[in-house]
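To keep things clear, I will list the structure first and then write my remarks on it.
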Amino acid sequence: MIECGGSQLDVRSSGKPEPARRQGLKAPAGLRCRYPEEVADETVTVHAQSWRSLALPQPLRFAPPYAEHVRDKKGFAYWWQLLTFVFDLPNPHAFPPLRGFTSTEEAVLLRFVETCRELAESTVLSHGGGLHFEMHDGVGTLTADEPPREAVRGTVVLFRQMTAEGEPASFSAARKIIGSRIKGVRDEHFDQRDEWQRRWVRARAALMSGLLTTMADRKVIREQGGSDDVPVVGEDVRPAELLSLFQYGELIHWDQKRDAMSALIADDFDHKMQTHNFLEVVIQLSHLYLGYSLLVRRALGLPTAQGT
């Protein structure tokens, strides 16, 4: 079991393996594996924990944004622990308010906030599925537990409004307005606002370039003195490319990326893996947007307490 919102790996293999300890197998540093002494049913079950699990739980600077509106608070907490561990983002509730927004700028920022509030209720962000891999006689089978297709499509349409550069109330549009106002208000909070804004923007750029889960894995390996040569699953994933492929080859538009999507669908294993990665990208960026929307609310002088 490779969980989209968790950190466990459950791999089952059948055949005629020798007892693990007799082969001298060892769990790699950071992985806690259990091997059976005897294999009476010719099945080996390996339970392993990811590198990032060694860094959890993480204390949070603030409660996961909008978690009070969802059933799966545990899932929200998991992603925000990873965001905290990797980026240590500043508390958006404490962002000093700004002034001087035009009516047009305020409308864009409020739209961004409203879209985030709606996105938070998506079942995709709360779905606890993942991938299950089994191997029998040398043949591997990958089973995917994904959110309902209509839920994914609806979420992606809303998500695109915040991610696409050309959307009028996207993250990029909101952060540019906030950045412009920061430069225009030279008071005693200027340095704090500027630094916090830069940290949120850098985090978003990183999440558009790689998977949050792999960043957390790599950070744990480095903190334990491991080499960068240690492979981490998913470090070859490019979120921007995945978003383009799934949005414009299947979920929103069809013609722009249809050939590439058709080639991916032809390989069932790779299609399931890349769908899993795509959902991770949507989830990690969505949570970042939810957090930034609280900073936007504070910048507008609006309340950010839970339930508002």
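A few notes on this one:
- Condition broken by residue 210, with the remaining ones in (1) within 29 Å of residue 158 (Cα to Cα); (2) in contact with a Lys or Arg (Cβ under 7 Å, 6 or more places away or on another chain) satisfied: (2)
- Cross-chain or 6+ apart pairs with Cβ under 6 Å, the range 107-127 first and over 26 Å from residue 277 (Cα atoms), then among the acidic types (Asp, Glu): none
- Annotation for the range 194-210: no member residue is modelled with pLDDT under 95 and surrounded by fewer than 21 Cβ atoms within 10 Å (Cβ to Cβ).
- Test: residue 185 is touching a Phe, Trp or Tyr at 6+ places or on another chain (Cβ under 9 Å), modelled with pLDDT of 95 or more and at negative phi: no
Conditions tested, residue by residue: (1) in contact (Cβ under 8 Å) with a residue 24 or more places away in the chain; (2) surrounded by 22 or more Cβ atoms within 10 Å (Cβ to Cβ); (3) of a type in the set (Gly, Ala, Ser); (4) more than 12 Å from residue 200 (Cβ to Cβ).
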position: 269; (1), (2), (3), (4): yes, no, no, yes
position: 272; (1), (2), (3), (4): yes, no, no, yes
position: 275; (1), (2), (3), (4): yes, no, no, yes
position: 288; (1), (2), (3), (4): yes, yes, no, no
position: 292; (1), (2), (3), (4): yes, yes, no, no
position: 296; (1), (2), (3), (4): yes, yes, no, no
position: 299; (1), (2), (3), (4): yes, yes, yes, no
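- Filtered residue count, the range 237-253, keeping only those that are over 15 Å from residue 154 (Cα atoms) and in a helix (DSSP H, G or I): 7
- For the range 95-145, filtered to residues that are among the charged types (D, E, K, R), part of a loop (DSSP other than H, G, I, E, B) and on the phi < 0 side of the Ramachandran plot, the residue that is surrounded by the fewest Cβ atoms within 10 Å (Cβ to Cβ) is 99.
- Among residues of the range 48-73, those that are out of contact with any strand residue (DSSP E or B) (no Cβ under 7 Å at 6 or more places or on another chain) and outside any loop (DSSP other than H, G, I, E, B), counted: 9
- Filtered by the rule that a residue be out of contact with any Leu (no Cβ under 6 Å at 6 or more places or on another chain) and surrounded by 18 or more Cβ atoms within 10 Å (Cβ to Cβ), the range 59-76 gives 64, 67, 75, 76.
- Of everything listed in (1) of a type outside the set (A, V, I, L, M); (2) farther than 20 Å from residue 281 by Cα; (3) at pLDDT 95 or above, the single unmet condition for residue 159 is (2).
- Of all residues in the range 168-186 being farther than 19 Å from residue 111 by Cα and touching a residue at least 12 places away in the same chain (Cβ under 8 Å), the one that is nearest to the chain's Cα centre (by Cα): 182
- Among (1) within 30 Å of residue 245 (Cβ to Cβ); (2) in contact with a helix residue (DSSP H, G or I) (Cβ under 7 Å, 6 or more places away or on another chain); (3) modelled with pLDDT of 95 or more, the one test that residue 84 misses: (2)
- Contact map, the range 224-236: first residue farther than 13 Å from residue 213 by Cα, second residue surrounded by 11 or more Cβ atoms within 10 Å (Cβ to Cβ), Cβ cut-off under 6 Å, separation 6 or more or different chains; pairs are 230/221.
- Any hit, the range 216-230, residues being of a type in the set (Ser, Thr, Tyr) and over 16 Å from the mean Cα position of the chain (by Cα): yes
The values are calculated or read from the model by the stated rules, or taken from the named source; none is laboratory data. These numbers were taken from a predicted model, which means no experiment stands behind them. Methodologically, a virtual Cβ is constructed for each residue, glycine included, from the backbone with ideal geometry; neighbour enumeration extends over all protein chains shown.
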